[in-house]
1. Share of the range 10-107's accessible area from carbon and sulfur, percent, 1.4 Å?
2. Given a 1.4 Å probe and every protein chain left where it sits, what share in percent of the accessible area of the range 110-209 is carbon and sulfur?
3. Using a Förster distance of 45 angstrom, determine the FRET efficiency expected from the C-beta separation of residue 110 and residue 155, and round it to 0.05.
4. With θ set to phi - 60°, apply the Karplus curve 6.51 cos²θ - 1.76 cosθ + 1.60 along the range 137-142 and write out the HN-Hα couplings as whole Hz, x wherever there is a Gly or Pro.
5. Seen from all sides and averaged, what is the projected area of the convex hull of the Cα atoms in the chain, in nm²?
6. So which residue, out of 38, 180, 65, gets the largest mean-square fluctuation from a GNM of the chain using Cα contacts under 10 Å as springs?
7. Quick check on the range 110-209: what are the equivalent-ellipsoid semi-axes from the Cα gyration tensor, as sqrt(5λ), descending, whole Å?
8. Averaged over every viewing direction, what's the projected area of the C-alpha convex hull for the range 10-107? Give it in nm², one decimal, please.
Amino acid sequence: MLRDKEMLFLVDAVTSLSGCKLNVYDWGIDICYSGAQKCLSVPPGLSPITFSEKALKVLNSKASKVQSWYLDLTMIRRYWGTERVYHHTAPISMIFALREGLRIILEDGLEERFGGHETLGGHLNSGLLELGFKLFAQEGYRLPMLSSVIVPDGVSDQEIRSRLLDDYGIEVGVGLGKTKGKIWRIGLMGETCKRQNIHALLSALRDLVR
Ligand SMILES: *Cc1c(COP(=O)(O)O)cnc(C)c1O
């Protein structure tokens, strides 16, 4: 839809890359970026990013200079390209780690990975509903690899999260912005997307929230 318009289609795929289908080319995504530390299960520090020809054209026709060195894509592009103009020292060890992460994913198979997240994400959500929790995201807008759960009335967000971490070794994310203190964000990504992790969390919540 945006293909013929003077508009770029940008997708934040930090949560989703390698956890569910992401057809960057077929879907006409102009700029798509992710992180190494979520479903790819690689140490944090790398952000895979891709640009369409259309996005590159916009980048190349920028009238003003980019203000920051850190994410000056006009420079990074020349570093990445055949010119190899210095921009930073590449984090080589991270690139090896990314390669290994990708190798492990492909060993399982991409479709298997997607299916695993879908199935286990569904299990987690059903388990939470069975315990009487309410999910924050409406049906049709839920990600398999991230469940957002409403903190029940009369339950202390802070207390439950600390006890989960201290007594059970499970960390859940807090709500951000308007949902601060109101929801928990439970990740089920890549290597952590395991049946035993779901059982551990559900049984901990059963103990802690009555
Ligand atoms: C985790 C996440 C981020 C933040 O990435 P960090 O590298 O942890 O700062 C941004 N967007 C989405 C969709 C995410 O899941």
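1. Working: 4050 of 6630 Å².
Looking at the range 10-107 in its full context, I get 61 percent from C and S.
2. 50 percent
3. Plugging the Cβ-Cβ distance into 1/(1 + (r/R0)^6) gives 0.75.
4. 6, 6, 4, x, 10, 9
5. 14.8 nm²
6. Highest fluctuation of the listed residues: 65.
7. Details: eigenvalues 90, 49, 29 Å².
Each semi-axis is the square root of five times an eigenvalue, giving 21, 16, 12 Å.
8. Details: hull surface 28.7 nm².
Answer in nm², one decimal: 7.2.
The values are calculated or read from the model by the stated rules, or taken from the named source; none is laboratory data. Since the structure is predicted, the reported quantities are computational estimates derived from the model, not experimental observations. Reconstructed Cβ throughout: ideal geometry from the backbone, glycine too, with neighbour counts over all protein chains shown. Heads up: the accessible areas ignore ligands, DNA and RNA and are worked out on the full protein's heavy atoms, side chains in. Shrake-Rupley method; radii C 1.70, N 1.55, O 1.52, S 1.80 Å.
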